[in-house]
Structures are given as C-alpha cells and as structure tokens.
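Student: My questions all concern the structure below.
Since every read-out is calculated from the coordinates, none of them should be taken as a lab result. Just so we're clear, the structure is a prediction, and the values are computed from it rather than from any experiment.
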Amino acid sequence: MKHMQAEFVMTVGERLAFARKRAGLNQAQMAAELGVVRQTISEYERGTSEPPIRRLVAIADLADVSLDWLCARRDSNPQPSDP
C-alpha cells in the first residue's frame, strides 16, 4: 500500500492574506492602495467574496507575486515577479 503524504494547499483567500503580509501591509493599507474599503480585503481573505481579475492583478503587482500563484494555479512558493 502506497503511503500518501498530506499536502497543505492554500486557498486563494489564504494566498491573498499571505501576499498582503509579505508586502508588509495590513488590510486597511492594502485597501487604501487598491481604492477599496478594508472590509473588501477581509471578505477576499475569508473567501466570502472574490476579487475581479483587475484587482487580482493589482494585488499580485503590489505584493510582487505571480498571478498564477495568487490564483492557486501554481503551488510553489511565491517568487518576486520578473521585471
């Protein structure tokens, strides 16, 4: 019988929170950078609301992570995006 190793996979909301913290921002600061209210960021991170693609792009740029990683299309650690 093959041993299955448990793998932790972050949700999009968890990735958003991770990226925000990695950028050194609290929810209010990220909200101000994106032109939304703090509650919006909280909803994204909790998974009760989904950001539109243009906002995902802005978050990826702000946190210097790839859009693929942020959208959970790739599980490797976030790397600074290429210039």
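Student: Residue by residue, what Karplus-based ³J(HN,Hα) values in Hz, rounded to whole numbers, does region 53-64 have, using 6.51, -1.76 and 1.60 with θ = phi - 60° and x for Gly and Pro?
Tutor: Result, rounded to whole Hz: 4, 5, 6, 4, 4, 4, 5, 4, 5, 4, 8, 6.
Student: So what are the ³J(HN,Hα) numbers for region 38-44, from phi and the Karplus equation (6.51, -1.76, 1.60; θ = phi - 60°), rounded to whole Hz, Gly and Pro as x?
Tutor: Listing the rounded values in order: 4, 4, 4, 5, 4, 5, 4 Hz.
Student: Could you tell me whether region 14-68 comes out rounded, prolate or oblate from its Cα gyration tensor? Rule is a ≥ b ≥ c as square roots of the eigenvalues, rounded for a/c under 1.5, then prolate if a/b exceeds b/c, otherwise oblate.
Tutor: Working: a/c = 1.29, a/b = 1.12, b/c = 1.15.
Here region 14-68 falls in the rounded category.
Student: Counting only residues 5 or more places away or on other chains, whose amide H sits under 5 Å from the amide H of SER66 once H atoms are built in the peptide plane?
Tutor: GLN79
Student: Whole-Hz ³J(HN,Hα) for each residue in region 12-29, computed from phi via Karplus 6.51 cos²θ - 1.76 cosθ + 1.60 with θ = phi - 60°, x for glycine and proline: what do you get?
Tutor: 4, x, 5, 5, 4, 5, 4, 4, 4, 5, 4, 7, x, 10, 8, 4, 5, 5
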